[in-house]
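K.L.:
Quick one: the structure is below, questions incoming.
The values are calculated or read from the model by the stated rules, or taken from the named source; none is laboratory data. Note that this is a predicted model, so its numbers are computed, not measured. Cβ: placed from backbone, ideal geometry, glycine included. Neighbour counts: every protein chain shown. The protein model used for the area step is the full one, side chains on, heavy atoms only, and it has no ligands, DNA or RNA in it. Shrake-Rupley method; radii C 1.70, N 1.55, O 1.52, S 1.80 Å.
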Amino acid sequence: MEARSSAIVPRATRYTVALVSQIDPKPELLTTEQLLLPLDDFLTRAVGPSIPRTERVFCNRNIKLSEISWVGFDMDYTLAIYDQPAMDDLSIRATIDKLVKRGYPEFINAVPVSTEFPVRGLLIDKRFGHVLKMDRYKHVHKGYHGFRELTKEELRALYHSKKIRPATPRYHWIDTLYALSEVATYAALVDAMEKRGYAVDYAKLFTDIRECIDEAHRDGTILDEVASKLPQYVHRDDELAPTLHKLRSAGKRLFLLTNSRAAYTEKMMTYLLQGAMSEYPAWKNYFDVVICAATKPVFFTERRPLLERDGESTKPAVLPLERGKMYEGGNLPELERALGVRGDEVLYVGDHIYGDILRSKKDSAWRTVMIMQELETEISAYESCKADFDTIAQLEEARERLEDDLRYYQARIKELGRQIDGRANGSTTELEAERMRFKRAIERVRGRFRQTEAEVTALERRTDLRFHPYWGSLLKEANEQSSFGKQVDDYACLYTSRVSNFLSYSPQQTFRSPRDRMSHELGV
């Protein structure tokens with residue numbers, strides 16, 4: 001058979017296959033023919049993942065979605081992404097109004113409250129009125145009293161000689177976006193009241209703020225406002241419905257497990273999903289099971305009955321649970337029995353590091369996804385600091401070399417000292433001169449060391465400001481994970497900024513965590 005000319009086939013797309021005759025499949029009748037495959041785009045595309053970094057799903061522990069049969073979702077701050085500044089402003093106004101009604105001075109109505117001050121992962125010290133940030137080892141690195149930054153000496157005197165125990169009544173852990181308004185209000189009122197000469201009971205002030213904001217949620221001051229103006233307070237994600245549809249189309253079954261009441265859930269989910277796709281006439285059709293008023297984290301630890309909502313009343317739920325109905329309460333073992341799954345076949349997606357992620361991980365075998373809407377800002381800040389991080393790494397290497405130099409010169413001085421002492425009756429002039437040269441070398445090295453330390457400190461401060469003006473990175477503190485970052489690492493199998501980021505991945509995706517290396521393995 002005459003060979004075809006290769007000149008007409010682009011080099012990058014040349015591909016040879018054997019075509020077997022279906023009439024007489026004898027070896028001598030085998031022919032070859034070059035087919036054109038669409039490889040040009042593949043070969044010329046940029047190296048690396050095509051998903052923008054801010055939209056990726058990140059992995060702490062290996063997980064195969066092919067082994068997941070049920071995917072559960074929290075609603076608030078998970079499926080429903082709130083406009084955080086708008087929510088904080090609403091909560092702050094409601095809280096201060098109720099504080100005034102409790103007898104707090106009228107002037108607090110005019111106190112400016114910065115919604116930019118707090119981040120998740122802070123610790124309130126109710127004894128001294130401080131707001132603190134710790135690393136993974138509960139070592140306090142930053143702190144504020146009102147809006148005054150605490151000095152290193154103040155932090156050392158109060159928090160570095162004894163181990164901090166955040167679970168004690170003295171402290172309060174801020175782990176949700178919902179709680180950020182509490183911190184903003186607390187810092188602003190501590191600052192304003194002390195400047196006006198008030199003797200502030202720090203513990204009582206924080207307790208009153210928490211009680212007022214909880215009251216504002218219970219009596220509808222906040223939720224009624226949000227429900228009546230959903231577009232003002234909630235970002236409707238056009239890719240949420242296709243994401244849920246993609247999971248369902250791959251054979252996954254979905255459930256909604258939220259602490260919100262049925263009426264509020266109905267309004268919110270209707271806003272998020274109703275009419276988004278013609279395949280789903282109502283929002284409930286996206287889910288096989290809907291459970292409201294779950295009272296997490298109690299849902300994971302106590303045996304509360306599962307009820308079926310019937311109009312304005314409830315009745316005991318009857319298995320099997322039905323699609324299209326709304327249930328309330330319940331508990332972990334009962335839900336697993338109703339779904340007919342083992343714990344490791346469930347992937348639960350939530351935003352609350354304690355109520356959704358930590359408790360489900362500690363009390364069940366559920367796999368977990370943490371939703372952090374701050375992650376997009378965190379990643380953008382990280383990428384903007386790459387040059388500074390590279391410089392810091394170079395300076396740290398230089399610092400290690402300077403420390404090696406110091407050890408060398410100090411050892412030489414000690415050795416020269418022994419030689420001088422051993423020449424009790426001999427001349428030591430040359431040895432003394434050499435020892436002086438080494439001492440001057442040590443002073444020069446120490447000078448360069450101090451300069452290097454100052455440069456590292458200045459760069460670390462500059463990078464902190466790119467992340468957050470008060471607290472720096474949400475997930476890191478100095479060279480360590482922050483206390484919040486540590487919890488995300490410990491309890492979230494996956495984490496990402498929003499549910500719809502899963503749309504870019506296969507429902508059968510295998511997520512693999514990076515290799516975890518210890519210090520002795522670095523630099524090999």
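K.L.:
Exactly one of (1) open to solvent by 60 Å² or more (accessible area, probe 1.4 Å); (2) among the polar types (S, T, N, Q); (3) touching a Leu at 6+ places or on another chain (Cβ under 8 Å) is unmet by THR452. Its number?
P.N.:
Only one criterion is unmet by THR452, namely (1).
K.L.:
Would you say GLU403 is out of contact with any Cys (no Cβ under 8 Å at 6 or more places or on another chain) and either assigned to a helix (DSSP H, G or I) or at pLDDT 95 or above (or both)?
P.N.:
Considered against the rule, which asks whether it is out of contact with any Cys (no Cβ under 8 Å at 6 or more places or on another chain) and either assigned to a helix (DSSP H, G or I) or at pLDDT 95 or above (or both), GLU403 comes out as yes.
K.L.:
Of the residues ILE371, ILE353, which is in contact with a helix residue (DSSP H, G or I) (Cβ under 6 Å, 6 or more places away or on another chain) and either closer than 17 Å to ARG61 by Cβ or touching a residue at least 60 places away in the same chain (Cβ under 8 Å) (or both)?
P.N.:
It is ILE353.
K.L.:
Regarding region 418-440, can at least one residue be identified that is of a type in the set (Val, Ile, Thr), without any contact (Cβ under 8 Å) to a residue 40 or more places away in the chain, more than 30 Å from CYS385 (Cα to Cα) and not in a helix (DSSP H, G or I)?
P.N.:
Scanning region 418-440, I find at least one residue that is of a type in the set (Val, Ile, Thr), without any contact (Cβ under 8 Å) to a residue 40 or more places away in the chain, more than 30 Å from CYS385 (Cα to Cα) and not in a helix (DSSP H, G or I), so the answer is yes.
K.L.:
Among ALA411, ALA387, which is the only one that is assigned to a helix (DSSP H, G or I), hydrophobic (A, V, I, L, M, F, W, C), free of Cβ contacts under 8 Å to residues at least 12 places away in the same chain and open to solvent by 60 Å² or more (accessible area, probe 1.4 Å)?
P.N.:
ALA387
K.L.:
Within region 109-127, work out how many residues are surrounded by fewer than 19 Cβ atoms within 10 Å (Cβ to Cβ) and touching a Leu at 6+ places or on another chain (Cβ under 7 Å).
P.N.:
So the count comes out to 1.
K.L.:
Additional query: Would it be correct to say that PHE300 is open to solvent by less than 30 Å² (accessible area, probe 1.4 Å), at pLDDT below 90 and among the aromatic types (Phe, Trp, Tyr)?
P.N.:
So PHE300 fits the description; yes.
K.L.:
One residue is enough: does region 27-46 have a residue meeting the conditions under 24 Å from the mean Cα position of the chain (by Cα), modelled with pLDDT under 95 and surrounded by 12 or more Cβ atoms within 10 Å (Cβ to Cβ)? Full working, then the answer.
P.N.:
Within region 27-46, the subset under 24 Å from the mean Cα position of the chain (by Cα) is none.
Within region 27-46, none of the residues are under 24 Å from the mean Cα position of the chain (by Cα), modelled with pLDDT under 95 and surrounded by 12 or more Cβ atoms within 10 Å (Cβ to Cβ).
K.L.:
State all residues of region 156-182 that are at pLDDT below 95, of a type in the set (S, T, N, Q) and surrounded by 12 or more Cβ atoms within 10 Å (Cβ to Cβ); if no residue qualifies, say none.
P.N.:
Listed by number, the list holds a single entry, THR176.
K.L.:
In this structure, does ARG461 turn out to be exposed (fewer than 13 other Cβ atoms within 10 Å of the Cβ), charged (D, E, K, R) and under 24 Å from GLU149 (Cα atoms)? Give the derivation first.
P.N.:
Working: exposed (fewer than 13 other Cβ atoms within 10 Å of the Cβ): yes; charged (D, E, K, R): yes; under 24 Å from GLU149 (Cα atoms): yes.
Against the criterion (exposed (fewer than 13 other Cβ atoms within 10 Å of the Cβ), charged (D, E, K, R) and under 24 Å from GLU149 (Cα atoms)), ARG461 qualifies.
K.L.:
Further question on the same structure: Yes or no: GLU182 within 28 Å of the chain's Cα centre (by Cα) and under 30 Å from ILE68 (Cβ atoms)?
P.N.:
It is false that GLU182 is within 28 Å of the chain's Cα centre (by Cα) and under 30 Å from ILE68 (Cβ atoms).
K.L.:
How many of the residues making up region 239-268 are within 25 Å of SER506 (Cα to Cα) and touching a strand residue (DSSP E or B) at 6+ places or on another chain (Cβ under 8 Å)?
P.N.:
Residues in region 239-268 being within 25 Å of SER506 (Cα to Cα) and touching a strand residue (DSSP E or B) at 6+ places or on another chain (Cβ under 8 Å): 9 in total.
K.L.:
Do we have GLN508 as touching a residue at least 40 places away in the same chain (Cβ under 8 Å), under 25 Å from VAL71 (Cβ atoms) and either basic (Lys, Arg) or not in a helix (DSSP H, G or I) (or both) here?
P.N.:
yes
K.L.:
Could you say whether any residue in region 486-493 is open to solvent by 70 Å² or more (accessible area, probe 1.4 Å) and either of a type outside the set (Lys, Arg) or not in a helix (DSSP H, G or I) (or both)?
P.N.:
No.
K.L.:
Scanning region 464-484 for residues that are hydrophobic (A, V, I, L, M, F, W, C) and surrounded by fewer than 16 Cβ atoms within 10 Å (Cβ to Cβ), which turns out farthest from GLY146 (Cα to Cα)?
P.N.:
For region 464-484, the residue satisfying everything is ALA478.
K.L.:
Within region 303-326, is even one residue among the small types (Gly, Ala, Ser), touching a residue at least 12 places away in the same chain (Cβ under 8 Å), surrounded by fewer than 19 Cβ atoms within 10 Å (Cβ to Cβ) and farther than 26 Å from GLY121 by Cβ?
P.N.:
The answer is yes, given that some residue of region 303-326 is among the small types (Gly, Ala, Ser), touching a residue at least 12 places away in the same chain (Cβ under 8 Å), surrounded by fewer than 19 Cβ atoms within 10 Å (Cβ to Cβ) and farther than 26 Å from GLY121 by Cβ.
K.L.:
Report yes if GLY472 is out of contact with any Leu (no Cβ under 7 Å at 6 or more places or on another chain), outside any strand (DSSP E or B) and on the phi > 0 side of the Ramachandran plot, otherwise no.
P.N.:
When the stated conditions are applied, GLY472 passes them.
K.L.:
On the basis of being of a type in the set (Ser, Thr, Tyr), in contact with a Leu (Cβ under 6 Å, 6 or more places away or on another chain) and under 30 Å from TYR82 (Cα atoms), does SER364 make the cut?
P.N.:
Judged against the criteria, SER364 is a match.
K.L.:
Another one. Please note which helices (runs of 4 or more DSSP H) are completely contained in region 183-266 and include at least 1 residues that are farther than 17 Å from ASP97 by Cβ and open to solvent by less than 10 Å² (accessible area, probe 1.4 Å).
P.N.:
Fully inside region 183-266 and qualifying: 202-218, 230-233, 240-249.
K.L.:
Could you tell me how many of the residues in region 128-143 are over 22 Å from ILE353 (Cα atoms) and open to solvent by 10 Å² or more (accessible area, probe 1.4 Å)?
P.N.:
Residues flagged as over 22 Å from ILE353 (Cα atoms) and open to solvent by 10 Å² or more (accessible area, probe 1.4 Å) within region 128-143 amount to 2.
K.L.:
Additional query: Assess whether ILE108 counts as being at pLDDT 95 or above and under 13 Å from ILE174 (Cα atoms).
P.N.:
No; evaluated as a whole, the condition is false for this residue.
K.L.:
Out of (1) modelled with pLDDT under 95; (2) open to solvent by 60 Å² or more (accessible area, probe 1.4 Å), the odd one out for GLU153 is which?
P.N.:
It fails just one condition, (1).
K.L.:
Moving on. So how many residues does region 306-337 have that are outside any loop (DSSP other than H, G, I, E, B) and either under 33 Å from the mean Cα position of the chain (by Cα) or among the hydrophobic types (A, V, I, L, M, F, W, C) (or both)?
P.N.:
Residues that pass the stated criteria total 11.
K.L.:
Among the numbered criteria (1) in a loop (DSSP other than H, G, I, E, B); (2) over 29 Å from the mean Cα position of the chain (by Cα); (3) modelled with pLDDT of 95 or more, which one does ASN285 miss?
P.N.:
With (1) in a loop (DSSP other than H, G, I, E, B); (2) over 29 Å from the mean Cα position of the chain (by Cα); (3) modelled with pLDDT of 95 or more applied to ASN285, the lone miss is (1).
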